[in-house]
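The values are calculated or read from the model by the stated rules, or taken from the named source; none is laboratory data. Every value quoted in this text rests on a predicted model; they were computed, and no experiment measured them. For neighbour counting, all protein chains shown are included, and Cβ atoms are generated from backbone atoms with ideal geometry for every residue, glycine included. The area values use the complete protein model at the heavy-atom level, side chains included, leaving out ligands, DNA and RNA. Shrake-Rupley method; radii C 1.70, N 1.55, O 1.52, S 1.80 Å.
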Amino acid sequence: MASRRVLSSLLRSSARHSPSTRAPLAFPPPPISSPRPSPTGFLLSGAVEYAVPAASLVPPSPPPTSPTAGAIGKIIDSGCVRDDAEGHLAQYQMHLAEMEAVRAGMPVVCVNHGGNEGSAVRDIHMENFTVSVGGRDLITDASVTLSFGRHYGLVGRNGTGKTSFLRHMAMHAIDGIPKNCQILHVEQEVEGDDTTALQCVLNSDIERIQLLEEEARLLSQQCTDTYAVVRKRDLEDDEETGKSNSKANGSMDKNAISKRLEEIYKRLEFIDADSAESRAASILAGLSFTPEMQRKPTKTFSGGWRMRIALARALFIEPDLLLLDEPTNHLDLHAVLWLESYLVRWPKTFIVVSHAREFLNTVVTDIIHLHGQKLTTYKGDYDTFEKTREEQLKNQKKAFESKEKARAHMQAFIDKFRYNAKRASLVQSRIKALDRMGHVDAVVNDPDYKFEFPNPDDRPGPPIISFRFHFVCGEFF
């Protein structure tokens, strides 16, 4: 009898400490919360996920009421969120530092006159590239071909990576972009200083500025040398041989200067330097700059007007690939209409990001859609893109439903006759057909945003301000 009691007590003790009946923790693991945006713009998890073995699962028990357990859970939760936020912030800052270093090492984008053969860069083929920011993939395994002379509109939901894609292209961070391709991304406003708006645009033509400066220097040197020779002839009475040598040296310097000036004038004529100022003034006028405003220093303008100067400078440079990110945000109606007409005649390739439907319908010839970390190109303007995509989604939905229906029918047959020896061959054929059946992705639509405004009450509300007038002796008080 005593041995039985000892044996039963040992069994109860072992059962109490076995994994299957182990007592729960002092505080339960916090539930997995839905991701929420952090100040850095990345998704963070609000709690720690615990991997619990199946053998250690126990029936749910009521949570402890101990205040110490709740405090410890809050500390762990906030600590994990803080660690994730700090990690993402460090990754994002490292990414910014890398991008700034690459941007600092890039050549300055300026007017490239080239030769008679025109632009050397035609089509741009980017294949199997990935765009990541701070450890988060925005675009994965994408391929895009930009044809010369086509005008592309980049569309997609906010936060999907459109601006990051343009930045990577501008810094040649994507394989497939030629090294000699001149890409200009209009992203930041010009710096405010004493330079006038017109001169700020003209300064982007570095070759023209250098040629004009060299011309002025040579002309000044030529005048100085001529004056020095005349003064020397008047004040000195050299010997005949000395005079002849002086004349020879002076004639050689004068001939070299004249020859160089002739080369400068030919080059200035080739790059059409005389019309540069009028072209720059015309672009600024199209962006609503009056002649008086064009002569004002850039430091007197606000940020919106300095963005217009940056846009005018980009249009004046005319790079091989122009990248515009919401160019109409800082423009009035007159400037938007002028920009539409100017971009329609743009001879090279550009990509524009805009939420203005009419603007895209006017200026673009193709649409690049960023959705689900993929880039898809469509021919036509924005309205054509919407119709084409709607038709594609309908066809995809029908194909998905058809595939799922056929798959469910085959699976039902397999489950029903799996253990039927007479129909084993049919079951095997269905299994092979199920494996060969292609996969069709389900249609994932962007979430819709609906705004509702309640109808106002017909009865007027209480007055905000009331006045009282008293008529006494023919006057109002």
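A few points about this structure:
- N158 fulfils the conditions (1) modelled with pLDDT of 90 or more; (2) open to solvent by 20 Å² or more (accessible area, probe 1.4 Å); (3) closer than 27 Å to E386 by Cβ except for a single criterion, (1).
- Whichever residue in segment 174-194 is open to solvent by less than 40 Å² (accessible area, probe 1.4 Å) and touching a helix residue (DSSP H, G or I) at 6+ places or on another chain (Cβ under 6 Å) and, among such residues, is farthest from W305 (Cα to Cα): I174
- Output for segment 249-296, where each listed residue is assigned to a loop (DSSP other than H, G, I, E, B) and out of contact with any strand residue (DSSP E or B) (no Cβ under 9 Å at 6 or more places or on another chain): I271, D272, L287, S288, F289, T290
- Count of residues meeting criterion [in contact (Cβ under 8 Å) with a residue 24 or more places away in the chain and β-branched (V, I, T)] in segment 367-409: 3
- Any hit, segment 369-386, residues being outside any helix (DSSP H, G or I), in the same structural domain as V155 (by TED's automatic domain parsing), in contact with a Ser or Thr (Cβ under 6 Å, 6 or more places away or on another chain) and of a type in the set (V, I, T): no
- Within the set A412, A408, the sole residue that is modelled with pLDDT of 80 or more, surrounded by 11 or more Cβ atoms within 10 Å (Cβ to Cβ) and not in a loop (DSSP other than H, G, I, E, B) turns out to be A412.
- Candidate set: segment 438-456, residues that are acidic (D, E) and open to solvent by 100 Å² or more (accessible area, probe 1.4 Å); chosen: the one modelled with the highest pLDDT: E452
- L426, sole failed condition from (1) among the aliphatic types (A, V, I, L, M); (2) under 34 Å from the mean Cα position of the chain (by Cα); (3) in a helix (DSSP H, G or I): (2)
- Residues in segment 314-339 that are part of a helix (DSSP H, G or I) and within 20 Å of the chain's Cα centre (by Cα) were compared, and the one that is surrounded by the fewest Cβ atoms within 10 Å (Cβ to Cβ) is N329.
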